[in-house]
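Asker: Let me give you the structure first, and then I'll get to my questions.
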Amino acid sequence: MKKTPGSSKKAGVAPEMASHGYVITRGVPGSDIPADYTFLLTRDEIYMPIAVRRPKGKGPFPVITIGRGNGKGGLHWIESQVARLASWQDRIIERGYVVAFLNYRNEIPYLYGESQQSRNLVDDMSGGENRVLKSAPTLDSDDLIAAWKYLKTLPYVDGEAIGAMGVSHSGELILKATAETTIAAGVVIEGASHEFLSVDTGPRAPRKNGELQYHDIEVVRRSADKSRAMNRIRRIRTPILHIGRKHDHLQGIFELAHEWMKEAGKDTTWASYDHPVHGYPYIYHRPDGSYRPDAVQKKAFDRLMDYFDERLKNKAERGRRKAKGKK
């Protein structure tokens, strides 16, 4: 009998394939800490590239995922970012963290607000053996969740001490992902949370030379759908540090995400600095190859790492002490 369109929506839920990855280890220019360039399985059973670097020793160590940009350049993008951020990452690793730089699939504009969480469904279309269908398209935020799930399988990672930081859209993905699952801590840097807060980005949205102008939090408040945003925020159980940028054209969005999380009773913290560069807490090599953060970058970096130390590193240490006490 011919199947009708959409009949798969009634199919039973299917189990997911076990999380796993394929690793290629390479050196990192300017560092003696190599990178495990890894292709990990996502929810729709394609492979996503990430780069994992870690301290010496067996661990288990807390881990921080790092995102910037999405869906472009594949593994080459990750390799270039790891090379440019090597000294910065080395300082995080020296503090006892595994770091994982991510690249997600390309964003599909506005699909987040229309789509339901993707589920694996038993095949009722062809009856193929072990074939799995999807209830909805997989989003880039699902890729972030897949990365967290994979990292928990690594023997040197403390699965209870997973953190994430992301700039701009990658910051918004942390909010989207933590509305679906929980990690130990997130740092949202200049989080461009247009979709998460259901902010109007259509023809009526304020623009200057084609660029959105949402610096004023009151303008953002009038342009956002609070009911939809709060429904998402109420599902978050992860502590979040929001880092803004004083003169950024989207500063009002960064602030409102924090304000509405606070109103919902969430563990949320706000910090903001004045700096000319978007994503300034990510400290890249200078053109001459040197690592020379300016005073504001150093202050912001120290702030976010202190935040992770309290919620990840200290938590991991308490867990190790508890485990030893049970022996």
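Asker: Shape of the range 192-327 from its Cα gyration tensor (a ≥ b ≥ c, root eigenvalues): rounded if a/c is under 1.5, otherwise prolate when a/b > b/c, or oblate?
Answerer: It comes out oblate by the Cα gyration axes.
Asker: Antiparallel DSSP bridges in the range 9-326: what percent, to the nearest 5?
Answerer: The answer is about 45 percent antiparallel.
Asker: In addition: Which percentage, to the nearest 5, of the DSSP beta bridges contained in the range 50-205 is antiparallel?
Answerer: So the antiparallel bridges amount to about 30 percent of the total.
Asker: At a 10 angstrom cut-off on C-beta neighbours, averaged per residue, how do the peptides 204-214, 104-114, 242-252 rank from highest to lowest?
Answerer: The densest-packed peptide leads the list: 242-252, 104-114, 204-214.
Asker: Find the Cα radius of gyration of the range 248-293, compare it with 2.2 N^0.38 Å by division, and give the number to two decimals.
Answerer: For the range 248-293, the normalised Cα radius of gyration is 1.59.
Asker: Give me the dipole magnitude in Debye, nearest 20, for the chain about the Cα centre, with unit charges on the beta carbon: positive for Lys and Arg, negative for Asp and Glu.
Answerer: 1000 debye
Asker: How long are the three semi-axes of the equivalent ellipsoid of the range 150-223, in whole Å, if each is the root of 5 times an eigenvalue of the C-alpha gyration tensor, listed from largest down?
Answerer: Each semi-axis is √(5λ); the values are 33, 11, 10 Å.
Asker: Once every DSSP H run of n ≥ 4 in the chain is given -39500 (n - 2.57) and the sum is divided by its residues, what mean residue ellipticity at 222 nm do you get, rounded to the nearest 500 deg cm²/dmol?
Answerer: The helix contribution divided over the chain gives -9000 deg cm²/dmol.
Asker: Sorted by packing (mean other beta-carbon atoms within 10 Å per residue), highest first, where do 76-82, 166-172 land?
Answerer: With the highest mean Cβ count within 10 Å placed first, the list reads 166-172, 76-82.
Asker: Given an 8 Å cut-off on Cα distances and at least 6 residues of separation, report the relative contact order of the range 9-326 as a percent.
Answerer: 16 percent
Asker: Sticking with this structure for a sec: With a ≥ b ≥ c taken as the square roots of the eigenvalues of the C-alpha gyration tensor of the range 9-326, please select rounded if a/c is under 1.5 and otherwise prolate if a/b is larger than b/c or oblate if it is not?
Answerer: Note, shape of the range 9-326 comes out rounded.
Asker: Between L75 and S227, how many nm apart are label points set 7 Å from Cα along the C-beta direction?
Answerer: 4.8 nm
Asker: Between the range 18-53 and the range 237-280, what is the separation of their alpha carbon centroids in Å?
Answerer: 30 Å
Asker: Computed on alpha carbon atoms, what radius of gyration and Dmax characterise the range 29-81, expressed in Å?
Answerer: Final numbers for Rg and Dmax: 12.7, 36 Å.
Asker: Moving on. Please report, largest first and rounded to whole Å, the three semi-axes of the ellipsoid equivalent to the range 81-209, where each semi-axis is the square root of five times an eigenvalue of the C-alpha gyration tensor.
Answerer: So the equivalent ellipsoid measures 28, 25, 12 Å along its semi-axes.
Readers should treat all values here as calculations from the given coordinates under stated rules, not as data from a laboratory. None of these values were measured; they are calculated from a predicted model. Cβ: placed from backbone, ideal geometry, glycine included. Neighbour counts: every protein chain shown.
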